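Undergrad: Sharing a structure here in structure tokens format.
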Amino acid sequence: MTQTPPLTGGCQCGAVRFACDHLGRASICHCRMCQKAFGGYFGPLVTAHGLRWTRGAPKHWRSSNEVKRGFCKNCGTPLTFEPEGGGIDIAIGAFDEAHKITPEIQLAREARLPSFDRLYALPLLNDADGRIAARFARITSNQHPDHDT
């Protein structure tokens, strides 16, 4: 029988890395706590089964009486959503192959920011003169690579 390699990921600086055996349902949560925790329109999360920390571990902050959230104490990357009573969700963007994880449901829809539904219609920035591409070409990322090192 062929074994699937574990799903891996970590924070931006590489101080915290994890692996898990398989994933549960992926979601995006529009609640105000997730908006603030992720600094964005929503919190993209997926349940991680068989989770283990392979380098470092997250620092935690209790965002409510029922949930604590984990993040890298060095770079601040949001990593976990941990409700009382068990289970742990990992930020989808923290996975090395985040593009393979597709949210299946939305939570807290009543808290969704009004402009969320119009994001897809925003115009694309025209880079006809190549200035934006040139700027990005000059950037050297300090982000940890999307694989274990």
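The values are calculated or read from the model by the stated rules, or taken from the named source; none is laboratory data. Quantities reported herein were computed from a predicted structural model and do not represent experimental measurements. Virtual Cβ from ideal backbone geometry, glycine too; neighbours counted across all protein chains shown.
Undergrad: List the pairs whose first member sits in region 57-78 and is closer than 17 Å to C29 by Cα, whose second member is hydroxyl-bearing (S, T, Y), and whose Cβ atoms are under 7 Å apart, counting only residues at least 6 apart or on separate chains?
TA: Matching pairs, first to second residue: R69/S63; R69/T80; G70/T80.
Undergrad: Now for a separate question. Just one of G56, G93 is at pLDDT 95 or above and on the phi < 0 side of the Ramachandran plot; which is it? Talk me through it step by step, then tell me what you get.
TA: Details: G56 fails: on the phi < 0 side of the Ramachandran plot.
G93 is the lone residue from the list that is at pLDDT 95 or above and on the phi < 0 side of the Ramachandran plot.
Undergrad: Quick check on my filter: what residues within region 87-109 are surrounded by fewer than 16 Cβ atoms within 10 Å (Cβ to Cβ) and either free of Cβ contacts under 8 Å to residues at least 12 places away in the same chain or among the aromatic types (F, W, Y) (or both)?
TA: H99, K100, listed by residue number.
Undergrad: Which pairs do you get when a residue that is under 16 Å from G10 (Cα atoms), found in region 33-52, comes within reach of a residue that is among the acidic types (D, E) and crowded, with 17+ Cβ neighbours inside 10 Å, reach meaning Cβ atoms under 9 angstrom, with the pair 6+ apart or on two chains?
TA: Correct list of pairs: L45/D89; V46/D89; T47/D89; A48/D89.
Undergrad: Kindly evaluate C20 against the criterion of being touching a helix residue (DSSP H, G or I) at 6+ places or on another chain (Cβ under 9 Å) and of a type outside the set (G, A, S).
TA: Working: touching a helix residue (DSSP H, G or I) at 6+ places or on another chain (Cβ under 9 Å): no; of a type outside the set (G, A, S): yes.
Here the answer is no, as C20 does not meet what is asked.
Undergrad: Anything in region 110-131 that is charged (D, E, K, R) and either under 21 Å from A26 (Cβ atoms) or loosely packed, with under 10 Cβ neighbours inside 10 Å (or both)? List them, or say none. Explain how you work it out, then say what you get.
TA: Keep residues of region 110-131 that are charged (D, E, K, R), which gives 110, 112, 117-118, 127, 129, 131.
Selection gives E110, R112, D117, R118, D129, R131.
Undergrad: Any residue that is modelled with pLDDT of 95 or more, farther than 20 Å from H147 by Cα, touching a Gly at 6+ places or on another chain (Cβ under 9 Å) and aromatic (F, W, Y) - is there at least one of those in region 60-67?
TA: yes
Undergrad: Within region 119-139, can one find any residue that is in a loop (DSSP other than H, G, I, E, B), in contact (Cβ under 8 Å) with a residue 24 or more places away in the chain and within 22 Å of the chain's Cα centre (by Cα)? I'd like the intermediate steps shown before the answer.
TA: Step one: list which residues in region 119-139 are in a loop (DSSP other than H, G, I, E, B), which gives 122-130, 139.
Keeping just the survivors that are in contact (Cβ under 8 Å) with a residue 24 or more places away in the chain gives none.
No, every residue in region 119-139 fails to be in a loop (DSSP other than H, G, I, E, B), in contact (Cβ under 8 Å) with a residue 24 or more places away in the chain and within 22 Å of the chain's Cα centre (by Cα).
Undergrad: I'm trying to understand the selection: among the residues of region 58-79, which are β-branched (V, I, T) and farther than 11 Å from C11 by Cβ?
TA: Keep residues of region 58-79 that are β-branched (V, I, T), which gives 67, 77.
The one that is β-branched (V, I, T) and farther than 11 Å from C11 by Cβ: V67.
Undergrad: Looking only at region 16-24, decide whether some residue is of a type in the set (D, E, K, R), crowded, with 17+ Cβ neighbours inside 10 Å and farther than 25 Å from L107 by Cα.
TA: Filtering region 16-24 for residues of a type in the set (D, E, K, R) gives 17, 21.
Narrowing the set further to residues that are crowded, with 17+ Cβ neighbours inside 10 Å leaves 17.
Of the ones still in play, those that are also farther than 25 Å from L107 by Cα are 17.
Checked against the condition, which is being of a type in the set (D, E, K, R), crowded, with 17+ Cβ neighbours inside 10 Å and farther than 25 Å from L107 by Cα, region 16-24 yields at least one hit.
Undergrad: Just to confirm my filter: which strands (runs of 3 or more DSSP E) fall fully inside region 45-118 and include at least 1 residues that are small (G, A, S)?
TA: Working: elements: 52-55, 59-62, 67-71, 78-83, 89-91, 105-107.
Here the list reads 67-71, 89-91.
Undergrad: Another question about this same structure. Can you tell me which residues in region 25-44 are surrounded by 14 or more Cβ atoms within 10 Å (Cβ to Cβ) and assigned to a helix (DSSP H, G or I)?
TA: M33, C34, Q35, A37, F38
Undergrad: Also, I was wondering about something else. Cβ-Cβ distance below 7 Å, separation of 6 or more or different chains: which pairs start in region 11-28 with a residue that is among the polar types (S, T, N, Q) and end on one that is part of a strand (DSSP E or B) and buried (at least 20 other Cβ atoms within 10 Å of the Cβ)?
TA: S27/L45
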